[in-house]
1. As a test of reading the structure, rank Ile8, Ile58 by solvent-accessible area (1.4 Å probe, protein chains only), most first.
2. Going by alpha carbons, how many degrees (0 to 90, nearest 10) lie between the helix axis of 13-22 and the longest principal axis of the chain?
3. At most 16 other Cβ atoms within 10 Å and a DSSP loop assignment: could you name the trypsin sites (Lys or Arg not before Pro) in the chain that fit?
4. Can you pull the Kirkwood radius for the chain, inverse mean 1/r over Cα pairs, to one decimal in Å?
5. What accessible area per residue, rounded to a whole number of Å², is obtained for the stretch 24-69 using a probe radius of 1.4 Å?
6. How high is the relative contact order of the chain, given as a whole-number percent (alpha carbon pairs under 8 Å, six or more residues apart)?
7. Can you tell me the orientation of helix 39-48 relative to the chain, as the angle in degrees between its alpha-carbon axis and the longest Cα principal axis, to the nearest 10?
Amino acid sequence: MSLYKIMIVDDEAEIREGIAHKIDWKAVGFEIVADAENGRDALEKAEALDLDVVLTDIKMPFMDGCGLIRSNAKNL
């Protein structure tokens, strides 16, 4: 079974880690392949990865979650 690839994006490390550890991602068919602390970093990573899902915070420094989606939706 192939797992969907997901990236978690949030400016707070504690939140990213909490999301990563609170859910049994493999049991629900996902594999966390990356995380990022803001939209700008997430965009760079997304362009290099073949992601299926991006779970993003909305309010973050540098580039918020909405900006991340608008900036290059075809790569996400």
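The values are calculated or read from the model by the stated rules, or taken from the named source; none is laboratory data. Note that the coordinates shown come from a computational prediction; the quantities given were computed from them, not determined experimentally. FYI the Cβ positions are ideal-geometry reconstructions off the backbone, even for glycines, and counts take in every protein chain you see. Heavy atoms of the whole protein, side chains included, go into the accessibility calculation; ligands, DNA and RNA do not. Shrake-Rupley method; radii C 1.70, N 1.55, O 1.52, S 1.80 Å.
1. Solvent-accessible surface, decreasing: Ile58, Ile8.
2. The helix 13-22 is inclined about 20 degrees to the chain.
3. Qualifying residues, ordered by number: Lys59.
4. After inverting the pairwise mean of 1/r, the radius is 12.4 Å.
5. Dividing the accessible area of the stretch 24-69 by its residue count gives 59 Å².
6. Computed value for the chain: 37 percent relative contact order.
7. Tilt of helix 39-48: around 60 degrees.
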